[in-house]
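Working notes, structure below.
Just so you know, all these numbers are worked out from the coordinates, no wet-lab data involved. Fair warning: this is a prediction, and the values are worked out from it, not measured in the lab. Neighbour counts run over all protein chains shown; Cβ positions are idealised from the backbone, glycine included.
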Amino acid sequence: MRAVAVKPGTKDSLHLRTDVPDPTPKPYEAVVRVHSAGVCATDLDLHQGSIGRAPAGFDYLVIGHENLGTVEHAPRGSKVRAGDLVISTLRRACGDYCRPCLTGEQDMCVTGNFEERGIVGLHGFMSEAYAEDTFYLVKVPPQLAETATLAEPMSILEKGIDHAMRIQSRFSWEPKKALVMGAGPVGILGAAALRLRGYEVIVASLEPEGGRKDKLLAEAGIRYLCVKTTSLAEATRGADAQDIVIDASGSEMAVPFAIEALAQGGICILASVTRGSRPITVDIATVNRNIVLGNRVILGTVKAGRRHFEMAVRDLETIEMRRPGWLANLVTRRLPYDRALEAMTRTPDEIKTVLQFA
Ligand SMILES: [Zn+2]
Ligand SMILES: [Zn+2]
């Protein structure tokens, strides 16, 4: 069958293949016909050869992790049936029997030897079809048929927010204000998830005000703030202290400001996989003092398991119900999968590019 693949470790290796073996499902697996797959910075890194590992026995890796498809065949008695729209989670257990992996929380694996479909050691979803254990499949309602690929990026912050709430149950917390750094898909979706929960939400990013993202956020009742590095501190400091700060900016430069913007007892969710290494000077004595004296928390979130995918689908469903068509505007470019290479070049004002398979 046909698929979009890379040669892990090789620069500019994205290519189309026609020789990828058809899925051969095990008795507990469903076969899913892929409808669409979102493209993100991880796919770009895979194309650049800076990350990724091919499955055993292959010299290529089928990429794609933000997925949506239709069940073609499911084992009898499973919770999905032929014709169901589904998305699949991507992280799979390490082989080391670590406690989280053993109990179905692969996203919290503590050995780091996990595998991830489309990234590490397992083929992804940018192919015509795939086979998967039905445990990892999450059903999607038909009204999300064009937008459910957004559930994967959203699930990362569903996990972050859920974990933050569990941590914050440590005291009588009454959060009202939230700041999201970064107006990429993850930032916008995280802001939307917080707005659904009643927060006063600001999204801060570098794009000028009045653009496409600003308008989209305003429609959802979210304030957009253009912050160049110099004004960031002022914009987020003091009276504007935030109960929750999410960093989804992709920039290490934003992290000190994210922490500094926290109110007493507040929690900062870091979600940017920053690249390379770039030393910056931070007054760690002040940062530490503020964390200690203000009972502040900093937490990281990456990938997500079933539960947080389900939360993402529920939230997407609510957003679609309250504001029909808003989510569709986040998909700013749709390309047939054989133009995947074009998707590796970002266009200005782009939010999310989705490849169509069927
Ligand atoms: Zn992604
Ligand atoms: Zn593990």
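Summary of values
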quantity	calculated
Distance between segment 152-209 and segment 296-311 - C-alpha centres, whole angstrom	11 Å
Cα Rg over Rh - the chain, Kirkwood	0.97
Sequence-distant residues sharing a close amide H with Arg333 (under 5 Å, placed H)	Lys352, Val354
Total formal charge among the other residues, if their Cβ is under 12 angstrom from that of Cys268, Lys/Arg +1 and Asp/Glu -1	-2
Computed helical MRE - 222 nm, the chain, DSSP H runs ≥ 4 contributing -39500 (n - 2.57), nearest 500	-8000 deg cm²/dmol
Ranked list, fewest to most other Cβ atoms within 10 Å of each Cβ, for Ile284, Ile319	Ile284, Ile319
Point-charge dipole on Cβ atoms (K/R +1, D/E -1) for segment 154-300, about Cα centre, debye to 20	200 debye
Cβ-defined net charge surrounding Ser249, 15 Å radius [Lys, Arg +1; Asp, Glu -1]	0
Helix 306-322 vs. the chain, principal-axis angle (Cα, 0 to 90°, nearest 10)	70 degrees
Net charge of neighbours whose Cβ lies under 12 Å from the Cβ of Asp22, counting Lys and Arg as +1 and Asp and Glu as -1	-1
Anchor Lys159: aspartates and glutamates whose Cα lies under 15 Å away (excluding residues fewer than 8 positions away in-chain)	Glu105, Asp107, Asp247, Glu310, Asp315
Packing-based order for 124-136, 17-29, 214-226, using average beta carbon neighbours within 10 Å, highest first	124-136, 214-226, 17-29
Cut-off under 5 Å, modelled amide H: who pairs with Val180 long-range	Ile202, Val203, Ala204, Ile246
Fewest-first sequence of Ile291, Ile351 by Cβ atoms within 10 Å of each Cβ	Ile291, Ile351
